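A quick write-up on the structure given underneath.
The values are calculated or read from the model by the stated rules, or taken from the named source; none is laboratory data. Small disclaimer: the values here were computed from a predicted structure and weren't measured. Note: ideal-geometry Cβ built from the backbone for every residue, glycine included; neighbour counts use all protein chains shown.
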Amino acid sequence: METTYLVEIRLGLTKWRICQTVREISCRYPVDEFIEKHPHITLFGPFVLREGITSRILLDILGSVAGRFDPVPFRIDGWDRKEGMHGNVIAFRVIPSSSLRDLTRAVAEALSPLTESLIVWDATPDRKWFHVTIANRLQKPVADAVYSGLSGLKTDDTGSKPSDHNILLKIRQWLRTSLLQDPGRNITPPLLDESGLRVTVMQDAEILAEYDFLTKEWMTGDFSHKSGSWQRTLSRYRHAAGFELKDPIVPRTEDIFFIADLHLGHANIIRYCSRPFLSADSEEMDHVLVKNWNYSIMPENTVYFLGDLCYGKKAWEMFEYRKKLKGRILFIRGNHDTDELTVTRSAVLEQEGIHFFLVHDPVDAPGDFDGWVIHGHHHNNDLRHFPFVDFRNRRINVSAEVIGYVPVTLREICSVIKRGESTGGTDHILLRYPHVS
């Protein structure tokens, strides 16, 4: 039997959250045996090598292509489905960036002469379906039930009587949902930003090698996301993306800054909110977040911190973190904060004719406030309703993940608001940093 290969991008930052969602889906629907265990985006294949082509040649050619690219961003946005060559596929929809499209096209052009692809669509990379598989090889009735359950859309309304298979499916689904704490709760469609940091080459069921976009070299050996090499990859990525400042930024003395939800000392926040740090390494996270703060802010600057400075058993006391942070800090109390520091529940500001209400959780803002609410609390867990800028509801989310882990100035916020309002406004600006549009 011939050796098969696959070129893919495995999820990194969002892997834990996506796997959690997949587990929730598998608890509700009978798809366990069809679940994709390693969430990824396929770039090319599966394929076999033509006569005379070795795996070494494959890696050399692929490396020459991948070396022209930096990390490729994309967005995971809700649900998708399609009928595949071996049954139906339920997936997370992926919105690719132009660089991901270009990479896919370049890989196909380079590998097509060397390989025999087992997928007909590899011949037309510009028509590629970008997705992260949840489950595949599904029979149509099962795929219909899963997709309609996730999306709330009817996939087949023929008026025909339910088949025995559909009845069995409903019974199994009822048994599974009866075991859930809240079986009636919808599974939230994800909206997550992600970047492919490595290209993975699979040889049958094992990883042959991974090409690192940051180091521009092939990685072999330990491919774990707990390894030292992955930690170095994340460090380079933070610098390249602007999530870790290399040099201080000299602000204006009159600048006012905002940030929320640092969660210093809270190791689990790394996976909960897809932060670009080695899983459970709160020390490195704390070092970077404090450095970003002090590289952005001078002692004369006013800083509004909108709640949840630290959290967890391994966190220091709040005042210990306070001693590390520059600026005249006004603390808005979050749901994880204590009374160690002088805090207030809310504050009101006015700048350039715009009124702002500052609060940790936006639900605590007065409903009749005639202005903009600046808040935290939601992190990047519900970007559909709490993006960086929500013009429709006049809200600004300054949770650390949403603003790129670097404090944002009131001057920048006012500029974004005025620019949006002058052009008629938009529904939202998802994140403060460059993202897939």
Subset of the range 84-112 that is in contact (Cβ under 8 Å) with a residue 60 or more places away in the chain and farther than 26 Å from Asp382 by Cα - its residue that is farthest from the chain's Cα centre (by Cα): Leu111
Of the residues in the range 111-131, those that are in a helix (DSSP H, G or I) and surrounded by 13 or more Cβ atoms within 10 Å (Cβ to Cβ) come to Leu111, Ser112, Leu114, Trp121, Asp122, Pro125
Output the number of residues of the range 274-309 satisfying the condition of being of a type in the set (A, V, I, L, M, F, W, C), surrounded by fewer than 23 Cβ atoms within 10 Å (Cβ to Cβ) and under 24 Å from Ala365 (Cβ atoms). 1
Are there any pairs, at least 6 apart or on different chains, whose C-beta atoms fall under 6 Å, with the first in the range 64-81 and outside the structural domain of Asn380 (by TED's automatic domain parsing) and acidic (Asp, Glu) and the second assigned to a loop (DSSP other than H, G, I, E, B) and crowded, with 20+ Cβ neighbours inside 10 Å, and if so, which? Asp70/Phe213
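Within the range 14-46, can you find the residues that are charged (D, E, K, R) and under 26 Å from Pro141 (Cα atoms)? Lay out the reasoning, then the answer.
Here is the first cut: in the range 14-46, the residues charged (D, E, K, R) are 15, 17, 23-24, 28, 32-33, 36-37.
Result: Arg23, Glu24, Arg28, Asp32, Glu33, Glu36, Lys37.
Anything in the range 94-107 that is small (Gly, Ala, Ser) and either in a strand (DSSP E or B) or more than 21 Å from Leu197 (Cβ to Cβ) (or both)? List them, or say none.
Taking the range 94-107 as the starting set, the residues that turn out to be small (Gly, Ala, Ser) are 97-99, 106.
Selection gives nothing.
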Only residues that are outside any helix (DSSP H, G or I) and closer than 23 Å to Ala240 by Cα: list them for the range 396-414, please. Val398, Ser399, Ala400, Glu401, Val402, Ile403, Gly404, Tyr405, Val406, Pro407, Val408, Thr409
Applying the selection to the range 196-236, what residues are of a type in the set (S, T, N, Q) and outside any strand (DSSP E or B)? Thr215, Thr220, Ser224, Ser227, Ser229, Gln231, Thr233, Ser235
Strands (runs of 3 or more DSSP E) wholly inside the range 303-395 containing at least 1 residues that are of a type in the set (Val, Ile, Thr) and in contact (Cβ under 8 Å) with a residue 12 or more places away in the chain: 328-332, 354-359, 372-375
Within the range 287-298, does at least one residue satisfy the condition of being in contact with a Gly (Cβ under 8 Å, 6 or more places away or on another chain) and within 28 Å of Gln20 (Cα to Cα)? no
Among the numbered criteria (1) assigned to a loop (DSSP other than H, G, I, E, B); (2) closer than 14 Å to Leu13 by Cβ, which single criterion is violated by Ala240? (1)
Scan Glu244, Glu300, Glu210 and give me the residue that is touching a residue at least 12 places away in the same chain (Cβ under 8 Å), under 30 Å from Gln351 (Cβ atoms) and touching a Lys or Arg at 6+ places or on another chain (Cβ under 7 Å). Glu244
Looking only at the range 1-25, count how many residues are within 23 Å of the chain's Cα centre (by Cα) and free of Cβ contacts under 8 Å to residues at least 40 places away in the same chain. 3
Tell me whether the range 4-14 contains one or more residues that are of a type in the set (A, V, I, L, M, F, W, C), not assigned by TED's automatic domain parsing to the domain that holds Ser279 and not in a strand (DSSP E or B). yes
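When you look at Ala145, is it touching a helix residue (DSSP H, G or I) at 6+ places or on another chain (Cβ under 6 Å) and closer than 30 Å to Asp70 by Cα, yes or no? Walk me through how you get there before you give the answer.
Details: touching a helix residue (DSSP H, G or I) at 6+ places or on another chain (Cβ under 6 Å): yes; closer than 30 Å to Asp70 by Cα: no.
When the stated conditions are applied, Ala145 does not pass them.
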